[in-house]
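> Before we start, here is the structure in question, set down as structure tokens.
The values are calculated or read from the model by the stated rules, or taken from the named source; none is laboratory data. Keep in mind the model is a prediction, meaning the values are calculated, not measured. Glycine gets a Cβ as well: all are built from the backbone with ideal geometry, and neighbour counts include every protein chain shown. Note: areas computed on protein heavy atoms with side chains; ligands, DNA, RNA excluded. Shrake-Rupley method; radii C 1.70, N 1.55, O 1.52, S 1.80 Å.
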Amino acid sequence: MQIARFTTGDDPHYALVEGSDLVVLTGDPLYTPLTPTGQRVPIETTRLLAPVIPRSKVVAFGRNYAEHAAELGNEVPELPLVFVKPNTTVVGPDDPIVLPSYSQDVHHEAELAVVISRICKDLPAERANEVILGYTAANDVTARDVQRTDKTWTRGKMFDTSCPLGPVLVTDLDVSDLRIQARVDGELRQDGSTAQMIHSVPELIAYASTLFTLLPGDVILTGTPAGVGPILEGQRVEVEIEGIGILGNPVVRR
């Protein structure tokens, strides 16, 4: 099942994706049953939005693919390397990624994102599927130069527009071996598989829940495969994940 969040120029709505149509829902799938209103809207007449705006936080994991850690000269950490992005980092399909004024080396990072469905704390990994609403594509946009020089990753990872999500949320997906790619202006940059993760999705959710209370709508970013690289003003970056679709965003500088 695919869930979209969209607008036709008025308030955002949620819908089920059925072919080329959106079947509009009565409320937010995080809090209400999936009840259709009876209205159908052609997708081509709408603008897709980020499938979720976290009420609280984005919990992200770094260096969860060995080849990506190696390409930046890093060791694989013994424990999952975790950081938090505020919800102001989230934008949707076709929204601009705004390069921060303090960085001259901003990179794309294609990632599988997991949306949490309900409150959980200290959750065992074998129960992680109980708290997953669904999956979407993400781009953990990173100001690489300041990430290298700063003592924390705040400026490098947490600026506005640094977490595009979309295009839809998929609820019934086996994520153990999905192809994940990134392209810049059509050029293939990243081409990996979620099977290359060091820590699995259930393990990441369980670990995050030992650190934070996870809330409905929280997003877990699961790390990026090798091939990260720069994005420049005027380019377009796309993240494609098998079974989810293509998340595309233009790159701008203000």
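> Go through the residues of region 109-126 one by one and say whether even a single one is open to solvent by less than 40 Å² (accessible area, probe 1.4 Å), over 18 Å from Val184 (Cα atoms) and among the charged types (D, E, K, R).
The answer is no; no qualifying residue exists.
> Now a separate question. Every residue in region 192-246 that is charged (D, E, K, R) and either over 25 Å from Thr161 (Cβ atoms) or free of Cβ contacts under 8 Å to residues at least 24 places away in the same chain (or both), please.
Selection gives Glu203, Glu242.
> Also, I was wondering about something else. Applying the selection to region 196-254, what residues are within 14 Å of the chain's Cα centre (by Cα) and of a type in the set (Gly, Ala, Ser)?
Selection gives Gly217, Gly223, Gly245, Gly248.
> Continuing with this model, one more query. Considering only region 177-211, state which residues are closer than 18 Å to Leu79 by Cα and either in contact with an Asp or Glu (Cβ under 8 Å, 6 or more places away or on another chain) or hydroxyl-bearing (Ser, Thr, Tyr) (or both).
Of everything in region 177-211, those that are closer than 18 Å to Leu79 by Cα and either in contact with an Asp or Glu (Cβ under 8 Å, 6 or more places away or on another chain) or hydroxyl-bearing (Ser, Thr, Tyr) (or both) turn out to be Gln196, Ser200, Pro202, Tyr207, Ser209, Thr210.
> For region 13-24, indicate whether the set of residues that are charged (D, E, K, R), at pLDDT 95 or above and open to solvent by less than 20 Å² (accessible area, probe 1.4 Å) is non-empty.
No, because not a single residue in region 13-24 is charged (D, E, K, R), at pLDDT 95 or above and open to solvent by less than 20 Å² (accessible area, probe 1.4 Å).
> Right, another one. Among the residues in region 31-42, are any at pLDDT 95 or above, under 26 Å from Asp174 (Cβ atoms), β-branched (Val, Ile, Thr) and open to solvent by less than 50 Å² (accessible area, probe 1.4 Å)?
So far as region 31-42 goes, no, none of its residues is at pLDDT 95 or above, under 26 Å from Asp174 (Cβ atoms), β-branched (Val, Ile, Thr) and open to solvent by less than 50 Å² (accessible area, probe 1.4 Å).
> Here are Asp172, Asp177: which of them is charged (D, E, K, R), farther than 15 Å from Glu109 by Cβ, touching a residue at least 40 places away in the same chain (Cβ under 8 Å) and surrounded by fewer than 19 Cβ atoms within 10 Å (Cβ to Cβ)?
After ruling out the rest, the residue left standing is Asp172.
> I would also like to ask the following. Working only within region 211-241, note down all residues that are in a loop (DSSP other than H, G, I, E, B), within 17 Å of Gly186 (Cα to Cα) and open to solvent by 10 Å² or more (accessible area, probe 1.4 Å).
Matches in region 211-241: Gly227, Val228, Leu232, Glu233, Gly234, Gln235.
> Another one. Restricting to region 49-69, name every residue that is modelled with pLDDT under 95 and either basic (Lys, Arg) or at positive phi (or both).
Result: Arg55, Arg63.
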